[in-house]
Amino acid sequence: MTHPTHEPAVPVSGLLSVVLPCHNEQQVLPATYDRLSLMTVALAEWGLDYELLIVNDGSTDDTPEMLDRFAAADVRVRVVHLARNFGHQAAVSAGLLVARGEVVAIMDADLQDPPEVLPAFLAKWREGYQVVYAIRRNRKEGLLKRGAYWTFYRLLNAISEISIPLDSGDFCLLDRSAVNLLNSLPERQRFVRGLRTWIGLKQIGVEYDRDARQAGRPSYTASKLVRLAVDGLVSFSNVPLKLVTRLGILSLFASFCMGLWVLYAFLYDAETLRGWTSTACLILFMGSVQMISLGIIGEYLSRIFVEVKGRPTFLIARVTQHEPPRGGQIEVGARPRREATR
Ligand code: UDP
Ligand code: MG
């Protein structure tokens, strides 16, 4: 990914980067930080040091200040402040670009993804898997949300060109080779779990129980979730577009049958005026088919538009860390490097 405001990270061997996208998480962050810090011993057993790479996705509460305090006190914490709220998938992508680890974990900041599962992921990584993704055995969320997720993953799998593992979110562990491949993909609207499947390599799923959010409120509103679902469906499947043609053929056939019936009524039925009902139905039917079709085409067109504009997925305002190599706060945005390519 060519990125206007960030130099590519130089990987460090023996380092695990834990990428945490964050949007207004002031209530849960202290607990998250404590739980992850407890992992130090377990990770040392794997011969790994770790960095917490927290991406502040344009938070408007105390999250930015809190994160800077963490970074000032702990050498293991690095904070990437995005210029505004770019969305969860963009925040994850920013984390992947900046992460220096030989191996990189992605998890939610609200402790729904328990850090204690990481050793099981690392075991698979050591076995030679380059992508270890988490599969949710169960969810501690409302019935409606669980049902929506269940339907979405099955629909996505049914119509997408690749086989995206069912019930796997962004929680995963990636080898440096997988991170580099993901970073090299130029697409702007990133559905990370789909791209992760698409790159291939050696992949395996590990089951886990998804916890409830520990504190604070979800930033994913219903409309953001629908957006994410549409992004996933549209970026990994052409089936909706093909459906438009099929709908067209179907409605042509229906109109032809109706035409025959109307002709029959005109010739043999004296009370032809009754036909206004069928005419009204036909107009409504054709109108809605056309609107749906235009809508589907519009979804693809709007994505082409975004890709053609070529704006970056995210902009990094600054990166804070305890002892940066060049001292103090790095104002990344102040030194644009267009040639920085990964
Ligand atoms: N998040 C983000 N930017 C956003 C929305 C969410 O970085 O615009 C982060 C959020 O802080 C959390 C993760 O993405 O770490 C998942 O979000 P949330 O818990 O709101 O979603 P849910 O778990 O309810 O799907
Ligand atoms: Mg959550």
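Just so it is clear, none of the values below were taken in a lab; they were calculated from the coordinates. Being a predicted model, the structure only gives us computed values, none of them experimental. Using ideal geometry, Cβ is built from the backbone for each residue, glycine included, and neighbour counts are taken over all protein chains shown.
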Using the Karplus equation 6.51 cos²θ - 1.76 cosθ + 1.60 (θ = phi - 60°), what ³J(HN,Hα) coupling, rounded to whole Hz, does each residue of the range 78-84 give in order, writing x for Gly and Pro? 10, 10, 9, 9, 6, 5, 6
Please compute the modelled spin-label separation between residue 116 and residue 177, points set 7 Å along Cα→Cβ, answer in nm with one decimal. 3.3
Label-point gap, in nm, between residue 267 and residue 300 - each point 7 angstrom along Cα→Cβ: 4.0
Would the range 8-54 count as rounded, prolate or oblate if I go by the C-alpha gyration tensor, calling it rounded below 1.5 in a/c and otherwise prolate when a/b exceeds b/c, oblate otherwise? oblate
Among the lysines, which have Cα under 16 Å from the Cα of residue 224 when same-chain residues fewer than 8 positions away are ignored? 145
The chain: calculated mean residue ellipticity at 222 nm from DSSP helix runs of at least 4, using -39500 (n - 2.57): -15000 deg cm²/dmol
Residue with peak Gaussian network fluctuation, the chain [Cα springs, cutoff 10 Å], from 313, 40, 279: 279
Per 0.36 nm of contour for each residue apart, how much would the distance between residue 245 and residue 127 grow if the chain were fully extended, relative to their Cα-Cα spacing? 37.8 nm
Using Cβ counts within 10 Å as a stand-in for footprinting exposure, how do 252, 247, 267, 156 rank, fewest first? 267, 252, 247, 156
Can you tell which of 264, 205, 245 lies farthest toward the positive end of the dipole of the range 181-312, using +1 and -1 charges on the Cβ of basic and acidic side chains (Lys, Arg; Asp, Glu)? 205
In percent, how large is the relative contact order of the chain, given Cα pairs closer than 8 Å and 6 or more residues apart? 28
Charges on Cβ only, +1 for Lys and Arg, -1 for Asp and Glu, centred on the Cα centroid of the chain; of 13, 66, 153, which one is farthest towards the dipole's positive end? 153
The range 1-142 - convex hull of the alpha-carbon atoms, volume per residue in Å³: 128
Taking the Cβ-Cβ separation of residue 278 and residue 138 as r and a Förster radius of 51 Å, what is the calculated FRET efficiency to the nearest 0.05? 0.50
Under a cut-off of 27 Å between alpha-carbon atoms, report the lysines in cross-link reach of residue 124, not counting same-chain residues fewer than 8 places apart. 140, 202
Could you tell me which of rounded, prolate or oblate describes the range 151-297, using a ≥ b ≥ c as the square roots of the eigenvalues of the alpha-carbon gyration tensor, with rounded for a/c under 1.5 and, failing that, prolate when a/b is larger than b/c and oblate otherwise? prolate
For the chain, with a Gaussian network of springs between Cα atoms less than 10 Å apart, report the residue from 97, 301, 182 with the top mean-square fluctuation. 301
Using a Förster radius of 45 Å, what is the FRET efficiency between residue 187 and residue 255 based on their Cβ-Cβ separation? Nearest 0.05, please. 0.70
Kyte-Doolittle cut-off 0.5, length cut-off 18 Å along the helix's own axis using Cα: show which whole DSSP H helices in the chain pass. 222-236, 239-268, 276-309
Let me make sure I get this right: for the chain, a, b and c are the square roots of the gyration tensor eigenvalues over alpha carbons, sorted descending. Under 1.5 in a/c it's rounded, otherwise prolate if a/b > b/c, else oblate. Which is it? prolate
Among 162, 87, 98 - extreme Cα towards positive end, dipole of the range 82-192, charges at beta-carbon: 87
Hey, in the GNM for the chain with a 10 angstrom Cα cutoff, which one of 297, 199, 159 fluctuates hardest? 297
Descending Cα extents along the principal axes, the range 98-234, whole Å: 38, 33, 26
For the range 178-235, report the translational diffusion coefficient in µm²/s to the nearest whole number, using Stokes-Einstein at 20 °C, 1.002 mPa s, and a Kirkwood Rh over Cα pairs. 153
Taking the Cα centre of the chain as origin and charging only Cβ (+1 Lys, Arg; -1 Asp, Glu), how large is the dipole, in debye to the nearest 20? 680
Say R0 is 30 Å: what FRET efficiency, to the nearest 0.05, do residue 49 and residue 311 get from their beta-carbon distance? 0.25
